[in-house]
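Written out below as structure tokens is the structure these notes cover.
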Amino acid sequence: MKIKTQVLALLLLGLASGAAMADKLDDIKKAGVLRVAAFDGNPPFGFVDEKTHKIIGLDVDYAQEVAKRLGVKLEIVPTNPANRIPLLTANKVDLVFANFTITPERAKVIDFSVPYFASGQQFLARKGTLKSPEQIASLRVGADKGTTMEATLREKYPNATVVLYDDTPFALTALRNGNVQAITQDGSKLVAILGNLPDKDKYEIPGFSISEELEGVGVPKGETRLVAYLNDTLKDLEKNGTASKIYDRWFGPDTKAPLPRLFKIGDAHIRTQ
Amino acid sequence: MSAELLAPKYLVWMAHGLLMTAWIALIAIACSTLAGFALALARDAQAGVWRGLARIYTLVFRNTPLLIQLFFWYFAAPNLLPETAMLWLNTPHQLQLAGFTLSWPSFEFLAGAAGLSLYATAFVAEDIRSGIRGVPRGQYEAAAASGLTRWQVQRYVILPQALRHVVSPLFGQYMNIVKNSSLTMGIGLAELSYTSRQVEAASFLTFQAFGVATLGYIGLIAVLDVLARQLQQRVALPARN
């Protein structure tokens, strides 16, 4: 009997809170538009297509699948690493699909879906400058402002000089000018950057990674129904093969920068080869 | 808004940023004042070439956004330099000066200081020029009639009077230099705005991080304000009875 009343109380509480505050999932369906923040300068996750001038990429493909399933229109809002959380907390967007690494610090301010992509923090350097992780301590390394890259780098190599830039293209220019000796980013992003460099023979991605980054969808704090909906959707996309199709479109064998798929939605860690 | 205060670690970051801002602003103020005087004199020089060059300088540096100029000096200008020069500029050197060891500044600092100084020079020069123009024409004629050379006229008659008019607008420019230095965070210089954004990204204490930065800028500007008042009192004309 006691358990029953508790369940009843919980149910009532749930109903009351549901009625008291508007639910984002319902709001999105009602509005008929899903507003998603995505990168506009970070291929292949989110970048402006030369031909159509629209933002496309792996993140956008995932956002498109979610919008399709919700039966609403997708509206992409361009963002950069530092603006992702403010956009969510200020309710300027409903979700963030922007190569968003899940961290406990960030999870205090916003919620995350299950990871749909994973990678490790790697380096891009002039050929021959960086052979082993120990060398990082003596280098000037460029990173993007507002990313976890900087924190990880500082934590593991406190003696390294970290120079922060507004965006990856700036960091890349600094590397090519010789202002920094290496830049750091997700390995997957570096592969794409290297693939696009006109003088790519001069650069390399040393074969080590200093972290494991699990990337999820950023959701405003407390939207539990929306998170559950996203998690179900993402797991379904893995099951029906869409996830692997999306991955192959950007990292598959036919792309400019092929990268084996080491993480599947629902895994706890990157698969080690 | 959370009521949490910034951890000491973060305050140390901000203090470093504040020092960097003060340092780069000081350099830009000194350089732009010297160069500004030269540019102001060049704009009223007798030789047309100097006037023309000074005009072009003012046009270029006043009519483009500072951020673009900073990007130019940091990201674009290095392409014009040979690779070995860039390598040298980016390697730490040590300078022994009167027993002090000066460490070589980062390229971010060099580009930032150069960019800020060159930009501010154009504005400082205009203010100095307006001060010089404010001295009545009769003063030139009277000074020249008493047999002073052109340079002596400037040095002993015109500039002392011009400076009185110029103190207030000049310090306004110095305040602008302090505030404009925040744009150097775009080229990776770890000054006050850069560290405030860094603290914000690490702690999520947005209000506190930008609040402390705001107080830092207000403090620096207040110092300039006090200096301006003191200087103005010192150069003020004695009241006539």
- Measure out, as a whole number of angstrom, how far apart the alpha-carbon centroids of segment A:37-69 and segment B:108-136 sit. 45 Å
- Query: Hey, in the GNM for chain B with a 10 angstrom Cα cutoff, which one of B:Gly36, B:Gly172, B:Gly115 fluctuates hardest?
  - Reply: B:Gly172
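Using helices alone, what [θ] at 222 nm do you get for the protein assembly as shown, with -39,500 (n - 2.57) per DSSP H run of 4 or more residues, divided over all residues and rounded to the nearest 500? Provide the component values of the computation, followed by the final result.
Values: 19 runs with 270 residues, N = 514.
Estimated from H runs of four or more residues: -17000 deg cm²/dmol.
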- Say the dipole of chain B comes from +1 at the beta carbon of Lys and Arg and -1 at that of Asp and Glu; which of B:Gly172, B:Leu205, B:Trp50 then lies farthest toward its positive end? B:Trp50
- HN-Hα couplings for segment A:240-256 via Karplus (6.51, -1.76, 1.60; θ = phi - 60°), in whole Hz with x for Gly/Pro, come out as 8, x, 5, 4, 6, 5, 4, 4, 5, 4, 10, 10, x, x, 8, 8, 5
- Residues with amide H under 5 Å from that of A:Ser211, placed H, sequence gap 5 or more: A:Gln121
- Task: Give, as a single signed number, the net charge of other residues whose beta carbon lies under 10 Å from the beta carbon of B:Trp50, with Lys and Arg counted +1 and Asp and Glu -1.
- Result: +2
- Please give the helix A:187-196 orientation as an angle from the longest Cα principal axis of chain A, in degrees from 0 to 90, rounded to the nearest 10. 50 degrees
- Message: Check which residues have an amide H placed less than 5 Å from A:Asp111's amide H, if you skip close sequence neighbours.
- Response: A:Val219, A:Lys221, A:Gly222
- Message: Let me check against my output: what whole-number percent is the relative contact order of chain B, with C-alpha pairs under 8 Å and at least 6 apart?
- Response: 31 percent
- Restricting to the protein assembly as shown, compute how many DSSP beta bridges are antiparallel as a %, nearest 5. 60 percent
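Arrange the peptides A:177-190, A:71-84 so that the one whose residues have, on average, the most other Cβ atoms within 10 Å appears first. Walk me through the intermediate numbers first.
Working: A:177-190: 23.7, A:71-84: 18.1.
Averaged packing, sorted descending, gives the order A:177-190, A:71-84.
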- Nonlocal amide H pairs with A:Leu74, under 5 Å, H built at 1.01 Å: A:Leu34
- ³J(HN,Hα), Karplus 6.51/-1.76/1.60, whole Hz, each residue of segment A:145-153, x for Gly, Pro: 4, x, 10, 6, 3, 4, 4, 4, 4
- Query: Helix A:2-20 versus the longest principal axis of chain A: what angle, 0 to 90°, nearest 10, using Cα atoms?
  - Reply: 70 degrees
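Using the crude model of +1 on Lys and Arg Cβ and -1 on Asp and Glu Cβ, and no other charge, please compute the dipole size for segment A:139-273 relative to its Cα centre, in debye to 20. Please list the in-between numbers first.
On the way: 18 positive and 19 negative charges, 19 e Å.
The dipole magnitude comes to about 80 debye.
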- Item | Farthest toward positive dipole pole in the protein assembly as shown [+1 Lys/Arg, -1 Asp/Glu at C-beta], among B:Ala77, B:Phe109, B:Ala145 | B:Ala145
- How large is the charge dipole for segment B:155-241, taken about the Cα centre, if only the Cβ atoms of Lys, Arg (+1) and Asp, Glu (-1) carry charge, to the nearest 20 debye? 540 debye
- Query: Label-point separation (nm) for B:Ala76 and B:Asp225, each offset 7 Å from Cα along Cα-to-Cβ?
  - Reply: 3.7 nm
- For the protein assembly as shown, size of Cβ-based charge dipole, Lys and Arg +1, Asp and Glu -1, in debye: 1140 debye
- Task: Rounded to the nearest 10 degrees, what's the angle between the helix A:224-239 long axis and the longest principal axis of chain A, both from Cα atoms, 0 to 90?
- Result: 60 degrees
- Note on the structure: In this structure, the FRET efficiency calculated for A:Thr89 and B:Ala45 from their beta-carbon separation, with R0 = 60 Å, to the nearest 0.05, is 0.60
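Other chains near B:182-194: what is the mean number of their Cβ atoms within 10 Å of each residue's Cβ?
Working: counts 0, 0, 0, 4, 4, 6, 14, 2, 4, 0, 0, 0, 3.
For peptide B:182-194, the averaged partner shielding equals 3.
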- With unit charges on the beta carbon (Lys/Arg positive, Asp/Glu negative), name the residue among A:Asn177, A:Gly128, A:Ser211 whose Cα is farthest towards the positive pole of the charge dipole of segment A:120-273. A:Gly128
- Query: Whole-Hz Karplus ³J(HN,Hα) for segment B:159-168, in order, using 6.51 cos²θ - 1.76 cosθ + 1.60 and θ = phi - 60°, x for Gly and Pro?
  - Reply: 4, x, 6, 4, 4, 4, 6, 8, 3, 5
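How crowded by other chains is A:169-178, given as the mean number of beta carbons from other chains within 10 Å of each beta carbon?
Numbers: counts 1, 6, 1, 0, 6, 7, 0, 3, 12, 11.
Across the residues of A:169-178, the mean count of other-chain Cβ atoms within 10 Å is 5.
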- Percent antiparallel among DSSP beta bridges confined to segment A:29-116, rounded to 5, stands at 30 percent
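Between A:Asp49 and A:Glu75, what is the FRET efficiency for a Förster distance of 22 Å, r being their Cβ-Cβ separation, to the nearest 0.05? Display every interim value, and only then the final one.
Values: r = 16 Å, r/R0 = 0.75.
In this case the efficiency is close to 0.85.
Each reported figure results from applying straightforward, stated rules to the coordinates on display, with no laboratory input. Predicted model only: the values in this text are computed from it and were never measured. Neighbour counts are summed over all protein chains in view; Cβ atoms, including those assigned to glycine, are modelled from backbone coordinates with ideal geometry.
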